[in-house]
Structures are given as structure tokens and as C-alpha cells.
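Participant: Got a structure for you, written out below as C-alpha cells; questions coming shortly.
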Amino acid sequence: QVQLVESGGGLVQAGGSLRLSCAVSGRTFSSFVMGWFRQAPGKEREFVAAISGSGSSTRYADSVGRFTISRDNAKNTLYLQMNSLKPEDTAVYHCAAKGGVVVADISSQYVYWGQGTQVTVSS
């Protein structure tokens, strides 16, 4: 059974940084395309970033040029480095996994999901 567990969220002031982590177990991590999605209160879940199994290909939402997605296949862990955070970045951040090679930005293509970690940015 595949499990995804996020960590690293918290409360930060605008302009600050956070690094989210997603630990994956249950299957060969490098076989997954991984993504980060976020959902703010009262809003639809939205794509943030995704990365290929090898880490050589990435994809970002237009609104998150301040973020960097990366992965460490030796540690079975996905990361999201978030810099220059803004209040509008406040959301629950979820990591997700899918098979195949397409670095997708559509949530329905992802099969496995973590429970999420709360990120709150104060102004």
C-alpha cells in the first residue's frame, strides 16, 4: 500500500520561507511522477508543481515562480521549497503520486494522495 505523508507546514510571516516534505512508502518512489497541489478555504484544489520520476523534468503553475520542487529518490522524499511567501499562498498543501511519465497538472490523474499540511502566511 502506498502512503504519502507531508510535513513542514506552519505559520510564517509574509516574505518568509518554508520547505515542505513528502515521505513516500510502499512502492518504488522513482517510478512515480510526483506533484504538489493546494486548497485554500472555499476554493478548488489547484496545481502547484510536479516533477518526473528522475527529477529531470518539472512543471509549475504560473503563480508560483517563487517555489521549487525537487526530489531525493534515495530518501523516497519529495520537497517543495517556498520562498517569498504571500498571504494568498495560505492553503493546505497535498503531495500526490501517479504512474507513467507525463508530468501532469491535473489532479484527477494522480492516484495516491497525502493528508496535507497546513501553510498559513500572515501579512
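The values are calculated or read from the model by the stated rules, or taken from the named source; none is laboratory data. Just so it is clear, the structure is predicted and the values come from calculations on it, not from any experiment. Ideal geometry is used to build each Cβ from the backbone, glycine not excepted, and the neighbour counts take in all protein chains shown. Only protein heavy atoms, including side chains, enter the accessible area calculation; ligands, DNA and RNA are left aside. Shrake-Rupley method; radii C 1.70, N 1.55, O 1.52, S 1.80 Å.
Participant: Which residue, ILE51, ILE106, ILE69, has the most motion in a Gaussian network model of the chain that connects Cα atoms within less than 10 Å?
Facilitator: Per the Cα network of the chain with a 10 Å cutoff, ILE106 tops the list.
Participant: Sort THR117, THR28 from largest to smallest accessible area, using a 1.4 Å probe on the heavy atoms of the protein chains.
Facilitator: Details: THR117 20, THR28 90 Å².
Result of the area sort, largest leading: THR28, THR117.
Participant: Here's another thing I want to ask about it. Can you give the extra length, in nm with one decimal, that the chain gains between VAL101 and GLN13 once fully stretched, where that is 0.36 nm per residue apart less the Cα-Cα distance? Walk me through the intermediate numbers first.
Facilitator: On the way: separation 88, 0.36 × 88 = 31.68 nm, distance 3.66 nm.
Using 0.36 nm per residue and subtracting the Cα-Cα distance, I get 28.0 nm.
Participant: What is the percent carbon and sulfur in the accessible area of the chain, measuring with a 1.4 Å probe over the protein chains and ignoring ligands?
Facilitator: Details: 2840 of 6130 Å².
Using a 1.4 Å probe with all protein chains present, the chain comes out at 46 percent carbon and sulfur.
Participant: Could you check what % of the DSSP bridge pairs in the chain are antiparallel, to the nearest 5? Spell out each step's value before the answer.
Facilitator: Numbers: 37 of 41 bridges.
The answer is about 90 percent antiparallel.
Participant: Continuing with the same structure: Evaluate the relative contact order of the chain (contact order divided by residue number), counting alpha-carbon pairs under 8 angstrom at least 6 apart; express in whole percent.
Facilitator: Once divided by the residue count of the chain, the mean separation gives 36 percent.
Participant: Right, another one. Sort out for me the Cα centre separation of region 86-104 from region 56-84, rounded to whole Å.
Facilitator: That distance is 9 Å.
Participant: Taking loop as defined by DSSP and a crowding limit of 16 other beta carbons within 10 Å, which trypsin sites (Lys or Arg not before Pro) in region 53-123 fit?
Facilitator: Numbers: sites: ARG59, ARG66, ARG71, LYS75, LYS98; in loops: ARG66, LYS75.
The qualifying sites are ARG66, LYS75.
Participant: Modelling each spin label as a point 7 Å along the Cα-to-Cβ direction, I'd like the ALA40/SER25 distance in nm, to one decimal.
Facilitator: For ALA40 paired with SER25, the spin-label model returns 3.5 nm.
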